[in-house]
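Visitor: Structure in structure tokens, see below.
No lab work stands behind these numbers, since they all come straight from the coordinates. As the structure is a prediction and not an experimental result, all values here were calculated from the model. All Cβ positions, even for glycine, are placed from backbone atoms using ideal geometry, and neighbour counts span all protein chains on display.
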Amino acid sequence: MSTREARKRVLAACKKNDIKFVQLWFTDILGQLKAITLPSSQVEGVLEEGQSFDGSSVEGFARIFESDMTALPDPSTFQVLPWTRGEATTARMICDIVDPYHKPFEGDPRYILKRVLARIAKKKYTAYMGPEIEFFYFADSDTTKVLDHGGYFDLAPLDVRTDLREKTVLTLQAMDLDVEGSHHEVATSQHEIDLKFDEALRIADAIMTSKFVIKEVARQEGVYATFMPKPLKGQNGSGMHVHMSLFKDGKNAFYGRRDDHGMSRLARQFAAGLLKHSSEIAAVTNQWVNSYKRLVPGFEAPAYICWGSKNRSALVRVPIEKPEKDIPRRVEYRSPDPACNPYLAFAVMLGAGLTGIEESYEIPDPVELDVFLMSEAERRDHGIEYMPDSLYAATVALSESALVKEVFGDSLFEKFIENKKIEWDRYRIEVTDYELKKYLPIL
């Protein structure tokens, strides 16, 4: 569909649904959703020219003297927000950020992902992604009071908030998002919604929409949904495992019939790229101080750099489903958490895999044992290294990464590192409850 036809469909949909307002969505470099709300009478002009705004007020965007930015809506992302139907029916479109001359802004996270996807397209491949979005429900935003005491796959009466998930899934479906499934997760009051795999850009858009909907449905029910990676001590944290595959001419290029794991050479090189560059991209896939409270041994989150098929303690997993068929063959990357910016996270993950292909990386032997139960000597024998254990360590690795610098470009690369350094410094000077409880009585 041409851009002109897509714009006509938006105008027709506005008229059909009696749209009163349209929200223009975009994200800052941290993945925080931003919006400009316009009366529907302005939509036709905005589709052509975009909406100007002050970029200096958005984290990681422009400096004051170059602050004029334009949000240019992607008409293919038009969706009515189902909960607004009535007197103030509202729709949304996701935007690309451009300068006043409509040149792509190089600090726009969505543009960064589109640039990596263009590299992949030049090789005649299409990238597909499928995320598993985990999150917690709490009584409100000021407490970690749980709403249930369920466990993995539990149903009522333990999982008393199945209704919240079901309402969320119905809302997502009303916005034409394909949900593959949902269930209670391991921790109390923890839940998961899985999106059906699709092309990478559409899935990144879908993650932003899903996170917004999850929070909105919870708000309507008088509770709070959070994507904080590790809100509860002694419980599993929330991850966002991402399944990835490359297709060519409608066929899964990751499938290898003669391989023990059903992987093509391309898939092995891609997975090797993820493994080799995992420390460098960690500050992007796990961008918060709290992210590293999740990436510790013993809670099903990957703390070590290795891969396998059956091993759920591995960083990279190649699930074996229907081994005789090519469609399910994929690489699952298990470190990201749902508090990342999906555009930037997808960009560096695909960039790492693509580098593995371009430079013909060799993948190490798989590890099917539980890495958490290994001794240090056993891990050394298997060549298993640690993931970064703090945001500081991850930021150091990021700052030395030629790969991420190439993916991000110089300006965004520097801004992202600066943001992470500031966050670490702010965390470093805090005095925590742990310190007060441990040291105050004895020192």
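Visitor: Taking every pair of alpha-carbon atoms in the stretch 213-292, what share in percent sits in each 5 Å bin, from 0 to the bin with the longest distance?
Guide: With a bin width of 5 Å, the distribution comes to 3, 11, 13, 15, 14, 12, 12, 11, 7, 2, 0.
Visitor: A further question follows. Given 10 °C and 1.306 mPa s, how large is the Stokes-Einstein diffusion coefficient of the stretch 3-105 in µm²/s, with Rh as the Kirkwood radius over Cα pairs?
Guide: Diffusion coefficient, whole number: 113 µm²/s.
Visitor: Show me the ranking of peptides 119-128, 270-279 by mean Cβ neighbours inside 10 Å, starting with the highest.
Guide: Highest to lowest by the protection proxy: 270-279, 119-128.
Visitor: Which residue, L117, L354, L373, has the most motion in a Gaussian network model of the chain that connects Cα atoms within less than 10 Å?
Guide: Among L117, L354, L373, the largest mean-square fluctuation in the Gaussian network model of the chain belongs to L373.
Visitor: By average Cβ neighbour count within 10 Å, what is the ranking of 357-369, 292-304 from highest down?
Guide: Output ranking for 357-369, 292-304: 292-304, 357-369.
Visitor: When the convex hull of the Cα atoms of the stretch 109-253 is projected onto a plane and the area is averaged over all directions, what value comes out in nm²?
Guide: Projected over every direction and averaged, the Cα hull of the stretch 109-253 covers 9.6 nm².
Visitor: While we're here: Calculate the dipole size of the chain relative to its Cα centre from +1 charges on Lys and Arg beta carbons and -1 charges on Asp and Glu beta carbons; express the result in debye to the nearest 20.
Guide: 780 debye
Visitor: Report the one residue of L391, T226, I442 whose Cα lies farthest in the direction of the positive end of the charge dipole of the chain (charges on C-beta: Lys and Arg +1, Asp and Glu -1; origin at the Cα centre).
Guide: Going by the Cα projections, it comes out as T226.
Visitor: Can I ask one more? If neighbour count is taken as other Cβ atoms inside 10 Å, put R85, R268 in order from fewest to most.
Guide: Ranking R85, R268 by Cβ neighbours within 10 Å, fewest first, gives R85, R268.
Visitor: With springs connecting C-alpha atoms under 10 Å apart, model the chain as a Gaussian network and identify which of D28, D249, D205 has the largest mean-square fluctuation.
Guide: D249
Visitor: Related question: Which value in Å does the Kirkwood hydrodynamic radius of the stretch 276-419 take, with 1/r averaged over all unlike C-alpha pairs and then inverted?
Guide: Kirkwood radius, the stretch 276-419: 15.9 Å.
Visitor: Taking every DSSP beta bridge with both residues inside the stretch 3-105, roughly what % is antiparallel (nearest 5)?
Guide: If we restrict to bridges inside the stretch 3-105, about 80 percent are antiparallel.
Visitor: Can I ask one more? Filter K196/K421; K8/K124; K20/K420; K34/K421; K248/K420; K123/K293 down to the pairs with a C-alpha to C-alpha distance above 28 Å, please.
Guide: From the list (K196/K421; K8/K124; K20/K420; K34/K421; K248/K420; K123/K293), the Cα-Cα distance tops 28 Å for K196/K421; K8/K124; K20/K420; K248/K420; K123/K293.
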